[in-house]
Amino acid sequence: GTPQKYDPTFKGPIYDRGCTDIVCCVLLVVAIVGYVVVGVVAWTHGDPRKVIHPTDSRGQFCGQPGTPNEYSLAPPACGIPWSPHGMPAVTCSPRCPPPLQICVSKCPDRYMTYLTAYGNPTSLEYYRDFCTPEFKNSRKVVEVLKDKECPAMLIPSTPLARRCFPAIQAKKGVIMVGNETTYDDGRGRRRNVTELLEGAKKANVVLETRQLAMKIFEDYTVSWYWIIIGLVIAMVASLIFIVLLRFLAGIMVWVMIVMVILVLGYGIFHCYMEYAKLKGEAGSDVSLTDLGFQTDLRVYLHLRQTWLAFLIILCVLEVVIVLLLIFLRKRILIAIALIKEASRAIGHVMSSLLFPLCTFFLLCLCIAYWASTAVFLSTSNEAVYKVFNESACPFSGHTCKPETFNTSNVTKLCPDAQCLFAFYGGETAYHKYLIVLQFFNVFMFFWLANFVIALGQVTLAGAFASYYWAFKKPDDMPAFPLFSAFGRALRYHTGSLAFGSLVLAIVQVIRVTLEYLDHRLKAAENKFAKFLLSCLKCCFWCLEKFIKFLNRNAYIMIAVYGTNFCTSARNAFFLLMRNIIRVAVLDKVTDFLFFLGKLLIVGSVGILAFFFFTQRIKLVQDTAPPLNYYWVPILTVIVGSYLIAHGFFSVYGMCVDTLFLCFLEDLERNDGSAEKPYFMSQNLRKLLKKTNKGQPDA
């Protein structure tokens with residue numbers, strides 16, 4: 001915990017250094033190689049068509065090249081109202097086969113039952129399009145329906161994602177399917193379409209979602225260039241705000257402090273006036289203890305004791321804030337000076353504002369690889385077929401092969417048995433360890449994502465540290481500080497970044513596991529298990545926040561000194577603990593300025609977008625595009641503006657943190673002599689009343 005000795009050879013982040021945490025670097029390389037192997041294996045065995053394309057009852061894909069049948073039709077079967085997704089809606093017993101699913105060339109557009117179509121050649125020819133290839137119209141109705149060669153009923157349907165969904169719509173509050181409110185069940189009875197509604201409820205939600213998505217897409221097609229203009233305005237506003245912080249940071253902070261004092265002062269005055277006004281009124285002198293708890297909180301506002309309590313609380317807050325200002329005024333001035341210095345540093349390293357795009361691109365690569373690997377792993381299962389029958393059979397539920405089923409002993413012992421597609425699965429070693437591979441995929445995603453973020457942080461820290469430790473700013477800075485810092489990070493400190501990101505990834509995976517267990521235990525009644533799980537979730541959330549804070553400052557020390565991760569984390573932690581009050585003041589001041597900046601940028605751009613897209617600006621009223629939902633481009637501009645402002649301020653925050661740590665190191669290492677001069681700017685030296693003896697001020 002003691003200050004480090006001065007190293008006369010120290011020149012900031014630009015000096016010879018060696019590789020750190022080599023073991024973690026090797027471990028990361030091995031893990032990446034293993035991750036690539038897992039991806040190759042998944043891509044070899046997986047088949048994303050299982051996610052995109054529906055299947056029929058035999059597990060064959062619909063809508064494949066060279067096949068005429070594009071859509072999957074799943075009519076009601078075996079007590080299951082509807083299963084439009086190419087998979088059974090529920091788990092069926094061996095005596096209840098999965099719903100009949102057929103690949104068809106088009107979706108049905110009318111009500112019809114096989115019983116009514118059987119006696120009409122024209123209707124039967126239409127019905128044939130929705131039957132299996134084995135269908136023969138010479139067979140009896142009972143045999144066709146028993147062997148599931150044709151659906152028992154056709155319902156007007158709408159195609160969506162290569163699946164046929166019931167064409168449900170509401171007209172004047174009346175539920176209709178295909179412009180009909182009733183349908184013939186094939187037995188001479190008319191039924192209400194509401195009987196189909198429960199089975200097709202999810203399908204109706206999907207259709208409504210599709211219509212909403214189409215309207216939103218239309219809005220984007222006519223407003224995308226205006227959205228881009230709004231985002232450009234947000235980017236320019238963010239840049240201007242960062243530049244203005246060099247001149248207005250002190251004004252904004254002191255205005256905020258004065259406003260807080262004035263607001264509290266008005267609150268004290270208001271509470272005193274209310275307290276004095278209630279004097280002598282009936283019932284106002286009742287104490288809070290005598291009144292007890294009341295659900296109507298307005299009752300308390302008629303008591304003098306309530307306003308007296310508010311008055312005392314506000315007075316205490318006012319006194320505490322004034323005392324803090326008296327004793328912390330110098331630290332507040334230091335925080336403001338560091339914020340101004342950060343604005344100057346960014347002005348000399350302008351490329352740093354674009355560096356988050358590089359981090360964003362690498363994160364997108366990590367997300368894309370993780371998502372594609374997860375899809376291929378989840379679709380690596382093979383089609384499993386099982387024996388289904390309606391009568392007693394010893395082979396019920398056994399796996400079977402459709403190619404050899406008709407010639408097997410099963411059909412001899414159980415004539416009514418069928419070999420139908422049941423689900424996707426597998427019994428090989430690869431299929432048994434799929435869950436392990438998925439877990440490894442999630443873990444590697446967190447590790448690589450954290451590594452990318454760490455690489456961005458140490459690169460920015462190295463660039464801004466080169467600014468601080470340049471005695472003559474900016475003459476002593478390297479020509480390309482950002483690229484130099486990026487090269488040093490990859491060449492010497494990949495292992496340290498892997499170490500820090502590994503620790504964080506382990507904690508995040510544990511948090512994900514706890515969230516999964518919490519989701520599974522929601523229906524459980526074990527209160528102790530829920531309480532324990534909640535405590536663990538809270539503890540690991542706090543641990544993750546602490547590790548992120550420690551890692552961020554450790555990466556700054558790595559960028560400056562080139563030490564390994566553990567040494568850097570230890571030195572950064574004790575350095576901050578020795579200056580905990582300065583840390584707290586700087587953190588709150590920067591948090592306020594960043595909050596104010598985001599509020600101003602997002603709010604102003606959002607209001608401008610609202611007035612523009614709602615055609616309330618007369619000068620450009622005819623320019624605004626016609627929209628289905630004006631909130632679509634407005635929300636897009638607001639979210640995009642926030643992300644842009646957050647990206648700019650993340651760079652600014654990293655700059656402030658880096659300069660702050662360098663400032664603390666500068667104070668502990670140097671004394672202003674010719675051998676150990678201060679590297680801080682002239683403004684900071686004046687603020688601290690420090691001078692460099694024997695050397696001119698930079």
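Assorted remarks:
- Amide H contacts under 5 Å for Met153: Tyr114, restricted to partners 5 or more places along the chain or on a different chain, H placed in the peptide plane at 1.01 Å from N.
- Accessible surface ranking for Glu341, Glu180, 1.4 angstrom probe, highest first: Glu180, Glu341.
- Sequence-distant residues sharing a close amide H with Asp129 (under 5 Å, placed H): none
- Once the Cβ-Cβ distance of Trp631 and His398 is raised to the sixth power relative to R0 = 56 Å, the FRET efficiency obtained is 0.50.
- In this structure, the amide hydrogen of Thr563, modeled 1.01 Å from its nitrogen in the peptide plane, lies closer than 5 angstrom to no residue at least 5 positions away or on a different chain.
- Surface exposure of the range 211-295, expressed per residue as accessible area with a 1.4 Å probe, stands at 65 Å².
- Exceedance of the 32 Å cut-off in Cα-Cα distance is limited, within the set Lys598/Lys693; Lys136/Lys401; Lys473/Lys689; Lys330/Lys545, to Lys598/Lys693.
- Loop-located chymotrypsin sites (Phe, Trp or Tyr not before Pro) across the range 251-355 with a Cβ neighbour count of 10 or fewer within 10 Å are Phe293, with loop assigned by DSSP.
- Formal net charge of residues neighbouring Val375 (Cβ-Cβ distance under 12 Å; K, R +1; D, E -1): +1
- Normalised per residue, the accessible area of the range 311-406 is 53 Å², obtained with a 1.4 Å probe and no contribution from ligands, DNA or RNA.
- Counted residue by residue at 0.36 nm each, then reduced by the alpha carbon distance between them, the extension gain from Tyr126 to Asp587 reaches 158.6 nm.
- Note on the range 598-698: with charges restricted to the Cβ of Lys and Arg (+1) and Asp and Glu (-1), its dipole about the Cα centre is near 320 debye.
- Residue-span extension gain [Phe549 to Ile228] - 0.36 nm each, minus C-alpha spacing: 112.1 nm
- Using the Karplus relation 6.51 cos²θ - 1.76 cosθ + 1.60 with θ = phi - 60°, the per-residue 3J(HN,Hα) values for the range 446-458 come to 4, 5, 5, 5, 5, 5, 5, 5, 5, 4, x, 5, 5 Hz, with x marking Gly and Pro.
- Counting only protein heavy atoms and a 1.4 Å probe, the range 540-698 has 46 square angstrom of accessible area per residue.
- Cα gyration tensor of the range 262-397 - equivalent ellipsoid semi-axes, whole Å, descending: 63, 42, 10
- Accessible area in the full protein assembly, largest first, 1.4 Å probe, for Ile581, Ile227: Ile581, Ile227
- Check: the range 432-590 dipole with +1 on Lys, Arg Cβ and -1 on Asp, Glu Cβ, in debye: 260 debye
- Per-residue SASA remark: Phe361, around 120 Å² accessible (1.4 Å probe; ligands, DNA and RNA not included).
- Cα centroid of the range 287-352 to Cα centroid of the range 638-693, whole Å: 27 Å
- The phi-based Karplus calculation (6.51 cos²θ - 1.76 cosθ + 1.60; θ = phi - 60°) puts the 3J(HN,Hα) values of the range 265-271 at x, 5, x, 5, 4, 5, 5 Hz, whole numbers, x for Gly and Pro.
- Evaluating 6.51 cos²θ - 1.76 cosθ + 1.60 at θ = phi - 60° for every residue in the range 219-229, the Karplus couplings come out as 4, 5, 5, 9, 10, 4, 6, 5, 5, 4, 4 Hz, glycine and proline recorded as x.
- Positive-end residue, the range 491-612 charge dipole about Cα centroid, Cβ charges, pick of Ile506, Leu536, Ala569: Ala569
- The portion of the accessible surface of the range 479-577 made up by carbon and sulfur, rounded to a whole percent, is 71 (1.4 Å probe; DNA, RNA and ligands excluded).
The values are calculated or read from the model by the stated rules, or taken from the named source; none is laboratory data. Given the structure is predicted, the values throughout are model-derived calculations rather than measurements. All Cβ positions, even for glycine, are placed from backbone atoms using ideal geometry, and neighbour counts span all protein chains on display. Each accessible area value is taken on the protein alone, full model and side chains, heavy atoms only, with ligands, DNA and RNA left out. Shrake-Rupley method; radii C 1.70, N 1.55, O 1.52, S 1.80 Å.
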